[in-house]
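The values are calculated or read from the model by the stated rules, or taken from the named source; none is laboratory data. Because the structure is a prediction, the values reported are computed rather than measured. Every residue, glycine among them, receives a Cβ derived from its backbone with ideal geometry; neighbour counts consider all protein chains shown. Just so you know, the surface numbers come from the protein's heavy atoms only, side chains and all, with ligands and any DNA or RNA stripped out. Shrake-Rupley method; radii C 1.70, N 1.55, O 1.52, S 1.80 Å.
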Amino acid sequence: MNSERHISTPQKPTALAPIFRDASIFDSGRLLGTIYLVTFFIVAALVAIPLVALLYGSLRSAAPGQLGEWTLRNWEGLFSSGVLGTFYTTILIGIASAVIAAVVGTAIALVVHRTDFRRGNAVTALVSLSFFLPSFILAMAWIIIGSPGGLINGVLESLFGSDTWKVDAYTKSGMIFVTVLHQIPFVYLMMRGPILGIDATFEEAARAAGATPFGVLRRVTLPLLGFSITSSLVLTFILSIEQFAIPALMGIPGRISVLATQLYLLVQFPPPDYGLAAAIGLTLSALTGGAIWLQRRIARSNRLTVTTGKAGRLTLIELGKWRWAANTLCWGYILCALILPVIILAYVSVLKYFSANPFEGAYTWRNYLFLFESEATLRSFWNTLIVSGLGALVGVGLASFISYFTLRHRPPGYRTLDFIASLPFGVPGVVIGLGLLWAYAYLPLPIYGTLIILVISFITRFLSYATETVGGRMIQIDKSLEEAAWTAGATRLQGIKRILVPLAMPSLQGAYFLLFMAFFREIASAVLLYTASTSVLSTSIWSFFEQANWGLASSLSLVGMVVVFIAMYLLMLATKHRPSMKLLDRSKTPAVK
């Protein structure tokens, strides 16, 4: 029953009519209407300010806050040989990383969930754990392993006594390798659901027709997963081309530039060219935005039903003589992406001076002692906890309002709000940072050089992540539950408080965990905005590594990993035993036998 049906009926209105009329946003009270308008304004400002500032800066001939002239020279600079070469390199690394990550991530998911692979739960847990390893820590570990002066070359030189065989991480292949390691967990987690959700009857029909197990996999399973694989491929391409930390740490020393690092170099090193950087930032945003549009077109065009109501028996493929290949694939990835980087960071963190031979190293705890004695480092810890803890809370609150208004209530303009809120997903972090740098050089708001601008930057960048997480739960909750509360005399706000929020609490908690982790490890949008007093953990590690202080960078990385895992564990404990909603009063409800 809804308000439209009640009003259109020719019968005499009942006492329920005022309740449903009060369900409208502007009739139920001005508070909810005001919240909607404030939410709309905040989201529009978060997204529009950096993008408008970049557009303005790309048409100016001077740096932010300085007098200049209107010009198109910055856009003409996009067609220079240097920028075109960088564009080509960005596309090349993005496509190569996306294809390899999509193939390997899907292969691991198929091995774990569609074969008789042993210890699949352990692989799932470790791959998920590697998902939370920040990209700059992973890149730093592999630089220590594979740089010209790193561990591999040190071992090769000690074994063969010459530098004939050398490994160099500062190459395109090295950047692609580390990017693939970082993106595989994303593909694995994205493909796991579709693989588990395939109806077994399709495969049973193929087996009944005489197909071999691998024939079923090739002719039935993979085609059914085609849309999911293509979607993960496009999203991985987006994440690869907007990546900043890996190409910055591995590409800049090797004189390899992608669009994100070229933007950073144009701003950070003299002579700065803010206008060209703004034009590159908008171009990169357009590139990622186009890829997102393609991914959504693919998702909307997916009309292939892979789950039916018919029962089917899932038959696992026997690996047989290929078990060694499956073990090599799964455990080899875990070794390269998680175990080896952590071991190397732990080793380097206790060295006085770097040595490729652990038997010749001079060991010390001074790196760890420095971390707890350094006022700047301790400040970065507190800044990180403040930005991650409070910033994630604000982000989840804003995402909850967006999801409610766009999915549940749908007031006038809700489609525009939904569109604006989804835009930041296609804007790289370094672009958002540059946009805010431009904007607050002109706006009369004294927030540059404070933690507030970092919180604004992080929320803008990851708002769509929380919106999707919360919205996925809200759309599952039947509106009749709220209508029942309205029938009982509750206002719309009371229905939200007593019905919707408790039922959506698991997703709210999940969104908070997601934002907390994302804020904790974010560096791309902070690298242009932080100062000495607002440095966070990621930028402190970045600074140590820029100074070639591998010991301090490694020790701070390990301590940061321990801190984030402890923080997440405490958050999980705080919410683990909290019931989402007491739908039944067990003391008054008889048990059903």
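Before moving on, here are some points about what is shown:
- The range 139-213: radius of gyration over Cα atoms, expressed as a fraction of 2.2 N^0.38 Å: 1.91
- Alpha-carbon centroids, the range 91-170 and the range 521-543: separation in whole Å: 25
- Computed from the Kirkwood radius of its Cα pairs, the Stokes-Einstein diffusion coefficient for the range 187-232 at 10 °C and 1.306 mPa s stands at 144 µm²/s.
- In plain terms, the C-alpha convex hull of the range 503-574 casts an average shadow of 5.7 nm² when viewed from every direction.
- The simple Förster model, with R0 at 51 Å and r as the Cβ-Cβ distance, assigns Phe372 and Ala209 a FRET efficiency of 0.15.
- With semi-axes defined as the square roots of five times the eigenvalues of the C-alpha gyration tensor, the equivalent ellipsoid of the range 397-469 measures 26, 13, 11 Å, largest first.
- In the range 315-393, GluC sites (Glu not before Pro) in a DSSP loop with at most 14 other beta-carbon atoms within 10 Å: Glu318, Glu360
- Relative to the current alpha-carbon distance between Leu67 and Phe132, full extension at 0.36 nm per residue lengthens the span by 19.0 nm.
- Solvent-accessible area, 1.4 Å probe, carbon plus sulfur percent, for the chain: 65
- Sorting the segments 500-511, 101-112, 424-435 by their residues' average number of neighbouring beta-carbon atoms within 10 angstrom, most packed first, yields 424-435, 101-112, 500-511.
- Here the relative contact order of the chain, from alpha carbon pairs under 8 Å that lie six or more residues apart, stands at 20 percent.
- Principal axis box of the range 130-175, alpha-carbon based, largest edge first, Å: 39, 19, 13
- Local electrostatic count at Thr384 - Lys and Arg +1, Asp and Glu -1, tallied over other residues with Cβ under 13 Å: +1
- Projected onto planes of every orientation and averaged, the convex hull of the alpha-carbon atoms in the chain covers 36.0 nm².
- Scattering from the range 317-476 was approximated by placing one identical point on each alpha carbon and applying the Debye formula without solvent; log10 I(q)/I(0) at 0.08, 0.11 1/Å stands at -0.48, -0.80.
- Only protein heavy atoms count here; on that basis, with a 1.4 Å probe, Asp116 has an accessible area of about 50 Å².
- Convex hull volume of the C-alpha atoms in the range 69-181, normalised per residue: 194 Å³.
- Span-like helix ranges in the chain, DSSP H, alpha carbon extent 27 angstrom or more, Kyte mean at least -1.0: 30-58, 81-114, 172-197, 274-300, 375-403, 451-474, 501-521, 550-576
- 25 Å tail of the calculated P(r), the range 152-277, as % of Cα pairs: 54
- In a fully extended conformation the segment linking Phe160 and Arg323 would gain 55.3 nm over its present Cα-Cα distance, using 0.36 nm per residue.
- Considered as an equivalent ellipsoid built on the Cα gyration tensor, the range 451-546 has semi-axes of 39, 12, 9 Å, the largest given first.
- Size of the range 429-481 as Cα extents on the principal axes (Å, biggest first): 49, 21, 16
- For the range 226-282, the fraction of C-alpha pairs more than 15 angstrom apart is 56%.
- With bins 5 Å wide beginning at 0, the percent of Cα pairs of the range 382-530 falling in each bin runs 2, 10, 18, 18, 17, 13, 9, 6, 4, 2, 0.
- A 1.4 Å probe run over the protein chains yields, for the chain, 49 Å² of accessible area per residue, whole-number rounding.
- Heavy-atom SASA rank of Phe370, Phe244, Phe41 (probe 1.4 Å, accessible area, largest first): Phe41, Phe370, Phe244
- The shape of the range 357-450 can be summarised by an equivalent ellipsoid whose semi-axes, obtained from the alpha carbon gyration tensor, come to 41, 19, 15 Å from longest to shortest.
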